[in-house]
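This report concerns only the one structure given below.
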Amino acid sequence: MMVWGLIVWGMVAFAQEPPVPGSAEAEADDAIAEFKKNFYRSGSTEDELVLAVRTLGQTVHPKTQAVLVPLVTEGRGPVSTRIVAALVLANFGKIDGTPEALIKAYQRLCQNSETRMSSRPVRIQIVQSLGELKAESAAGLINSAILDKDPWIARAGAKAAGRLRGMSAIDPLIKRLQYLESQGDKPSDVPDPSKDGRAPSDPGDNIDRHQKSERQVLQAPIHEALHAITRQRQTCAETWAKWWAQNRKDYKVPP
Amino acid sequence: MTMFCPDEERLSAWVDRELPPADDESVSTHLAACEVCRRAVTIAFLVDRESPQSLSEEGQHRLFETVQGALAEPPHCVSDERLAAWLHDGLGPLDRASVTDHLAECDDCRRAAALTRLSNTEPVSALGALQEERALKVVLRSAGRDAFFSFWRVVAASFLVAIAVTYVAVQWSGPPRIPPTTATNPPGDGRSPGAMHYDSGAPTPDLSATIASPNIPVSVKGPELAPGKPEEAPAPARFQAISVFESEGLPSAAPGRLSYSEVLRSKGVASVNVEGRALVVLDNASEARLAYAADAGAYVVEIARGRVFIDTAGADQSWEVRGQDRTVTLRSFRGRAAAEVEAGGLRVRILRGVADVGPRRIDAGRGVDVQPNSSVVEEDQPASCAALAERYGIIRPRTLLVLRAAAGTTSNDGPWRYTSRSRKAEPLKDADALIPECVDPIRWIVIALDEPLKFTSDMVLRAACGGTGAKICLWVGGQGGWHREVARSATGTSPEEWSLRGLRREMVDLVAGEDIRKIMMGVVQERGREHSLEVDTIEIRRVLD
């Protein structure tokens, strides 16, 4: 069986024609070769790794997408390479499967409890990229991000929902707003977001931060997202809930 | 071109078969001997070919024959070896006179000789700019006699202009004419097993005044249809002044723009910051000069005396190292190298990183020597490289300036162009959303850059600040921005330095390669109390490892 498999694989490989020079596929192959040379060169600095990913992201092609997607969750590289991989994939809207790949990457990062906190900027970037892609298939993830415990994930979710303009985001946005208003100006219990991943010797760490409360972080983006979807302006969660109760039946998102 | 050459009008008339039979034959005879005129006429014919209505069948036949003759005629040029020998004064009187005579007539050989000289000496014109200009005149004169320009003539003339300009640019910026190196391993050689010998062929000789090569910039004029709109051909890379961002140890006026003719002379050690991209450090009263190389983005350092260190500051670059009429080109070079001229040869050592030299990849600890007899030796030099690396470690600059700006001023000239309205922090419209996690109002000083600066994570911001505010927000970006809060510890106007690493937007780090188009420094108005901030000069530097 294995021999047959090898034979079939060999025939398929043999039957594949090499890409035409100058074609998009050939350009993608060149970009990947250049990426591999720079990314896997020994002694590369963090910036060089990031620039290698950025450069690869300039060639939008299914082949480069296939190289970039695993980098989002690649645990060996620095966080910055994962961030930039998620960032450049926002330009891959024309390539099938990009939102789905980002959604899977997000889910993988959430499942790993050990790296959950360190991967937070990557997850935020994924949500932002999904918003940039206006991917309807990501509506479920974005809606769950709006309700995330971490206000900065929720903030990214609200902003992405405003870009996507899906009707399904209205409910979670109003719910989150109701929750915020019920909590008052209590500071967020999420660890100081500005300190994770920061070098201890960084002088910025010595600052007594005057951190915004969860409400201050989230209120404005939620109102903006609701306005972007509905073209309506309401003052508080209660008025939004009232309006939505009256209009949700047969509601269509205005153009 | 000689005094016997027919002028453009006569050539043009010959093209159009308007000369009396005797004159026609005379010009034809001349064309058979003179390549310059033949080429001019060929180009004119090629243009005519684009307007077939103006050519009879006989004319087309003649065109075909002339073009074929011009293109397919076997070359009578001197060989490369003879040309090199001529350049070296290595020919006998008869041979030398023969080559000189040929050079007087043959533009191609003259160009080759001039290019060879150009590769390591004072610039001379390596081009037959006059020739192209003359051909163009012939074309235009022919066209000018018609009552109306034919469309095709205009198109062809434009095409010619484009070819001429491109040719000039390519020839000026083309790589030096160095014969290909061939690896040989001489018998009985007692060097280390890793040593590789190259025969570099003829070295590049000194400039001789024998060749009269006019250094005429090509000024291309369009046909009479668009008078008064001359287009200057871009200056060759080598003659564009190179930006020196800062220097230390030089008596000259650097920083500024440094032309190729300016020799860097240091009494002791001097460092030169080349465009914020690389460092050249002159050791022990060395002398050198800097220029752009033929390759885009590549540099030349020509060492007149002593030793020079080259530091690419972590980037991939190409450097041509010249000295004693020898050249070693480091391609895909990222790291540090030392180069020195010594006893008629040129020595290059790779101290850190890697470089491509010819077909070989040279790692740290290896060296390339170009011997006085022009042979090239590449071998391990660990002790020498270690000593040089130690020496460079002592004298190298620790930071690389990439931007300097004064708050409250506008700069439209020089390497950094920017606009800054005030040196005192002021409230900004719609600034509340700039720092979402900060509840207190912030007043800002803004410096908007005309050209973006690529962010690298080793950047620091130095600023000479005054005022009462202690909590400062740094903000860099373009349409969106990354920010970070820092503490101001110095008092008075002492400069502060903050790392730009760790700036964030929506809790996502700023990563390398992002364009910085605006730099802002804000002072937080803590707990409703008013705090001021004044900034004089800011610098962004990269901290070199």
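Please list B:265-276, A:49-60 highest first by mean number of surrounding beta-carbon atoms within 10 Å per residue. Display every interim value, and only then the final one.
Working: B:265-276: 19.6, A:49-60: 21.5.
In decreasing order of mean packing, B:265-276, A:49-60 become A:49-60, B:265-276.
If we count every other residue with Cβ under 9 angstrom of residue B:397's Cβ, Lys/Arg +1 and Asp/Glu -1, where does the sum land?
Values: positive: B:396, B:398; negative: B:246, B:248, B:311.
Overall, the nearby charge balance is -1.
Counting C-alpha atoms alone, how compact is region A:97-187: give Rg to one decimal and Dmax as a whole number, in angstrom.
Rg then Dmax for region A:97-187, in Å: 12.9, 41.
Once you put a point 7 Å from the Cα of residue B:448 and another 7 Å from the Cα of residue B:527, both along the Cβ direction, what distance in nm separates them?
Distance between the two pseudo-spin positions: 3.7 nm.
Peptide B:433-442: average number of partner chain Cβ atoms within 10 Å per residue? Walk me through the numbers before you get to the answer.
Working: counts 3, 0, 1, 8, 12, 5, 6, 1, 0, 0.
So the per-residue partner count for this stretch is 4.
Bin width 10 Å, origin at 0, all Cα-Cα pairs of region B:410-545: what percent of pairs per bin?
Spelled out bin by bin, region B:410-545 gives 12, 45, 37, 6, 0 percent.
By its C-alpha gyration tensor, with a ≥ b ≥ c as the square roots of the eigenvalues, how is region B:320-444 shaped: rounded for a/c under 1.5, else prolate for a/b larger than b/c, else oblate?
On the way: a/c = 3.69, a/b = 2.84, b/c = 1.30.
Here region B:320-444 falls in the prolate category.
Do the alpha carbons of any pairs in A:159/A:252; A:63/A:175; A:242/B:471 sit beyond 32 Å of each other, and which pairs?
On the way: A:159/A:252 20 Å; A:63/A:175 41 Å; A:242/B:471 43 Å.
The pairs that break the limit, which is 32 Å between Cα atoms, are A:63/A:175; A:242/B:471.
Can you give me the orientation-averaged projected area of the convex hull built on the Cα atoms of region B:237-395, in nm²? Walk me through the intermediate numbers first.
On the way: hull surface 32.8 nm².
Across all orientations, region B:237-395 yields a mean hull projection of 8.2 nm².
Can you check what the net charge comes to around residue B:358, using other residues whose Cβ is under 11 Å from the Cβ of residue B:358 (Lys, Arg +1; Asp, Glu -1)?
Working: positive: B:331, B:360, B:361; negative: B:356, B:378.
Around residue B:358, the surrounding residues sum to +1.
Counting partner chain Cβ atoms within 10 Å of every residue's Cβ in B:478-486, what's the average? Write down the numbers at each step before the final one.
Values: counts 0, 0, 0, 0, 0, 0, 5, 6, 5.
Partner Cβ neighbours, averaged per residue: 2.
Treat the count of other C-beta atoms within 10 Å as a stand-in for reagent exposure and order B:432, B:295 from fewest to most. Before the final figure, lay out each step's value.
Details: B:432 13, B:295 18.
Taking fewest neighbouring Cβ atoms as first place, the list is B:432, B:295.
For residue B:257, what charge total do you get from the other residues with a beta carbon under 11 Å from its beta carbon, if Lys and Arg give +1 and Asp and Glu give -1?
Values: positive: none; negative: B:262, B:275, B:413.
Residues close to residue B:257 contribute a combined charge of -3.
Compute the length gained on full extension between residue A:74 and residue A:168: take 0.36 nm times their separation in residues and subtract their Cα-Cα distance, giving the result in nm to one decimal.
Taking 0.36 nm per residue and subtracting the Cα distance, the gain is 30.7 nm.
Rank these for me by crowding, A:155, B:462, B:307, going from fewest to most other beta carbons within 10 Å. It would help to have the intermediate numbers written out before the result.
Working: A:155 27, B:462 17, B:307 23.
Listing A:155, B:462, B:307 from fewest to most nearby Cβ atoms yields B:462, B:307, A:155.
Would you please put B:396-405, B:28-37, B:504-513, A:121-130 in order of how densely packed they are, using the mean number of other Cβ atoms within 10 angstrom per residue and starting with the highest? The partial results should precede the final answer.
Values: B:396-405: 18.9, B:28-37: 17.2, B:504-513: 21.5, A:121-130: 27.5.
Result, highest mean Cβ count within 10 Å first: A:121-130, B:504-513, B:396-405, B:28-37.
Starting from the coordinates of the alpha-carbon atoms of region B:286-348, obtain the Kirkwood hydrodynamic radius over all distinct pairs and give the value in Å to one decimal. It would help to have the intermediate numbers written out before the result.
Numbers: mean 1/r = 0.0868 Å⁻¹.
Roughly 11.5 Å, rounded to one decimal.
Other chains' Cβ within 10 Å of A:219-225 residues: what's the mean?
Working: counts 0, 3, 3, 0, 0, 1, 0.
Rounded to a whole number, the mean comes out at 1.
In Å and on Cα atoms, what radius of gyration and Dmax does region B:317-386 show?
Every Cα atom of region B:317-386 included, Rg and Dmax give 10.8, 29 Å.
None of the figures in this text is laboratory data; all of them are computed from the coordinates on show. Keep in mind the model is a prediction, meaning the values are calculated, not measured. Counting neighbours? That spans all protein chains shown, and the Cβs are built from the backbone with ideal geometry, glycine included.
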